[in-house]
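Values in this text are rule-based calculations from the coordinates and carry no lab data. Everything numeric here is computed off the predicted structure, so don't read it as measured data. Here the Cβ positions follow ideal geometry from the backbone for every residue, glycine too, while neighbour counts run over all protein chains shown.
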Amino acid sequence: MIQPKENWHELFVDPRHYTQRNQPIDPALIKIYDTTLRDGEQMPRVAMSPQQKYVIARELSAIGCHIIDMGFPAVSATEREALQLVLRGKHKGEIREDLEILVMCRATPSDIDTTVETIEELGFDASEVTFLIFTSASNLHCKYKLGSMLMERQGRDSAGLAETGLEFFHQANKEMVSDAILYARSRGITSIEFGTEDASRTPVDQLIDLVRVAVKAGAKRYIFPDTTGSLTPESTKLYCQALTQSFPEIDRASHFHNDFDLATINSITGVLNGFYIISTSVNGIGERAGNTPLHSVLAALKYLYGVEIPNFQYDRLCHIKRVVEEITGIPVSAQEPVVGHNVYSHESGIHTHGVSICRRMYEPIPFEEVGGTARFVYGKHSGSNAVANLLSQHSVLFDCDISRELVLSVVAEIKRIREARIYSEETRDSIRSYYNKLNALGIPEADVIAIASNLLREQEPDDIRDSEPVGTMTMRQVANR
């Protein structure tokens, strides 16, 4: 491995040569707002225990995240326990004192009351958390998801929903949001974030009109969601510029989904246009195609834009990736940027020769800076250089010199063995095993039907239940499938 005499900028054009021509970004302004424990867990087939959520929360604290979203503590005992563990962890010093804890509730007094009461029942004060109070923004959501509730709230008969104009639902939504935030403040809640589901499919002026009401009522931060992952960098810029110009006095966060694999670049576009708080999830887990991956946006900001977040532990990225994989059962792909198993692995002769001279020949990210592992893989594309280096490292095992002929013979045998495996069933079987295990993490339809049948059967009188045909699946059998 050589150390070039020249400076790196003399040997290749650094990507930052172009990106740093943008308006400079103060890295201290950037905050990572992680939603692994809420949106991440909403990924199909993912479920976490309170203890597992606490493990991840500690990892997020250690790596340097600034905000973690704990979701809806009022919906279940396990969610309440997870929040309790995290808040206790802060008090005990196991989680950073400056890590902001966020909970969610809909823009209704009943949700706010339930959430406040839940936190107090856990032995904490509502002032210890940020409340994300949210509603929908797009006409589609406002009329056809919230419509009946908004009409009833205004004393109208929801039977007339179809004939009611869109402007009614927008105005009713604004009134509901204002009332909810003012009510939250009356309950002593001082840290309020406002969110608007499906904001990226809402006309810009209409969205600004809705956010303005929330800010006037007392919201201190706005989170802009791309709920369907439909934004492009161009539309992201348009929305973020307009919102930044309209609300320069409040903090602004982005929350982008990855349906078109654009969440990372859209998040960075948001940063370049005033949205300095970035919602991410570890490994990008989340609904459908997931959320902005923590590792991708951090690495891109650092290595492509020269924005390195102070006190962030980049060398823990591969570690936290593995922790979340093992808890969720969902692995990232081998070629996943930054943290994938193959990202710092090389097999082809041209690449192994190049990185043997200098790893920056082919690696834009130094593996050790993100906690990765460098590997040579031997197979169909191996070259003699990598094999010769390996044999030389273990020369004490051989009773002869490592000749060129031996190296070439070993290379030929490696290729023969790997090519022979092409015709085996191993590859197909491993993929089938992966999907079988993935499907097994969820509960299939047949088991749901069996559960319902068993519950109904348990409600029947004993004489009818005893006559049930042999072979009916028990709930224990369903659970053990």
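Starting from the Cα-Cα distance between residue 97 and residue 289, subtract it from 0.36 nm times their residue separation and give me the gain in nm to one decimal.
Working it through step by step, the gained length comes to 65.9 nm.
Principal axis extents for the chain, Cα atoms only, whole Å, descending order, please.
Extents along the principal axes: 91, 75, 50 Å.
Within the range 284-314, whose backbone N sits under 13 Å from a point 7 Å along Cα→Cβ of residue 22?
Residues passing the 13 Å test: 297-308.
Quick check: residue separation of residue 235 and residue 457 times 0.36 nm, minus the Cα distance between them. What number comes out in nm?
74.5 nm is the gain from fully extending residue 235 to residue 457.
Using only Cα atoms and rounding to the nearest 10 degrees, what angle (0 to 90) does helix 109-121 make with the longest principal axis of the chain?
It works out to around 60 degrees.
Too long at a 27 Å Cα-Cα cut-off: which of 90/321; 5/380; 145/437; 31/321; 31/53?
5/380; 145/437
What percentage of all Cα-Cα pairs in the range 408-460 are separated by more than 14 Å?
Roughly 72 percent, once rounded to a whole number.
Could you check the simple spin-label distance between residue 154 and residue 308, using points 7 Å along Cα→Cβ, in nm with one decimal?
Calculated label separation equals 5.5 nm.
Kindly provide the GluC sites (Glu not before Pro) of the range 75-171 that DSSP labels as loop, not H, G, I, E or B, and whose Cβ sees at most 12 other Cβ atoms within 10 Å.
Sparse-neighbourhood loop GluC sites (Glu not before Pro): 97, 163.
Give me the extension gain from residue 75 to residue 2: residue separation times 0.36 nm, minus the current Cα-Cα distance, reported in nm with one decimal.
20.5 nm
DSSP loop (so not H, G, I, E, B), at most 10 other Cβ within 10 Å: list which GluC sites (Glu not before Pro) in the range 1-68 pass both filters. Kindly include the intermediate steps, with their values, before the conclusion.
Details: sites: 6, 10, 41, 59; in loops: 6, 41.
Passing both the DSSP loop test and the Cβ count: 6.
What shape does the range 346-436 take by its C-alpha gyration tensor, where a ≥ b ≥ c are the square roots of the eigenvalues and a/c under 1.5 counts as rounded, a/b above b/c as prolate, and the rest as oblate? Display every interim value, and only then the final one.
Values: a/c = 2.18, a/b = 1.15, b/c = 1.89.
It is oblate, given that a/c is not under 1.5 and a/b is not larger than b/c.
Nearest 5 percent is fine: what portion of the DSSP beta bridges confined to the chain is antiparallel?
Expressed as a percentage, antiparallel bridges in the chain total about 5.
Can you give me the distance in nm between label points at residue 413 and residue 428, each placed 7 Å from the Cα along the Cα-to-Cβ direction?
3.0 nm
Show me the ranking of peptides 22-29, 177-184, 138-145, 254-261 by mean Cβ neighbours inside 10 Å, starting with the highest. Please list the in-between numbers first.
Working: 22-29: 11.6, 177-184: 20.2, 138-145: 18.6, 254-261: 22.6.
Ranked from most to least packed, the peptides come out as 254-261, 177-184, 138-145, 22-29.
Using Cα positions and a limit of under 15 Å, work out the aspartates and glutamates in reach of residue 415, with same-chain residues fewer than 8 apart set aside.
Of all the aspartates and glutamates, those that pass the test against residue 415 - Cα under 15 Å, at least 8 places apart if same chain - are 347.
Which order do peptides 65-77, 232-244 fall in by mean Cβ count within 10 Å, highest first?
Numbers: 65-77: 19.9, 232-244: 17.5.
Result, highest mean first: 65-77, 232-244.
Using only alpha-carbon positions, what ratio does the radius of gyration of the range 314-391 give when scaled by 2.2 N^0.38 Å?
1.20
I'd like to know which of 274, 171, 250 lies farthest towards the positive end of the charge dipole of the chain, counting +1 on Cβ of Lys and Arg and -1 on Cβ of Asp and Glu.
Going by the charge dipole, the pick is 274.
What percentages, rounded to whole numbers, describe P(r) for the range 291-342 computed over all alpha carbon pairs with 5 Å bin width beginning at zero?
5, 18, 28, 27, 13, 7, 1
Can you tell me, using C-alpha contacts under 8 Å and at least 6 residues apart, the relative contact order of the chain as a whole percent? Write down the numbers at each step before the final one.
Values: 714 pairs, mean separation 69.1, N = 481.
Relative contact order of the chain: 14 percent.
Which angle between 0 and 90 degrees, to the nearest 10, do you get for helix 50-63 versus the longest principal axis of the chain when only C-alpha atoms count?
That works out to roughly 60 degrees.
With a 10 Å radius around each residue's Cβ, average the other Cβ atoms per peptide and rank 406-417, 105-116, highest first.
In descending order of packing, they fall as 105-116, 406-417.
Give the residues of the range 1-17 whose amide nitrogen is closer than 11 Å to a point set 7 Å from the Cα of residue 353 in the direction of its Cβ.
Hits in the range 1-17 for residue 353 at 11 Å: none.
So if I place +1 on the C-beta of Lys and Arg and -1 on the C-beta of Asp and Glu, and nothing else carries charge, what would the dipole magnitude of the chain be about its Cα centre? I want it in debye, nearest 20.
Values: 49 positive and 65 negative charges, 216 e Å.
So the dipole magnitude of the chain works out to roughly 1040 debye.
If R0 is 30 Å, what FRET efficiency do you get for residue 374 and residue 420 from their C-beta distance, rounded to 0.05?
FRET efficiency, residue 374 to residue 420: 0.60.
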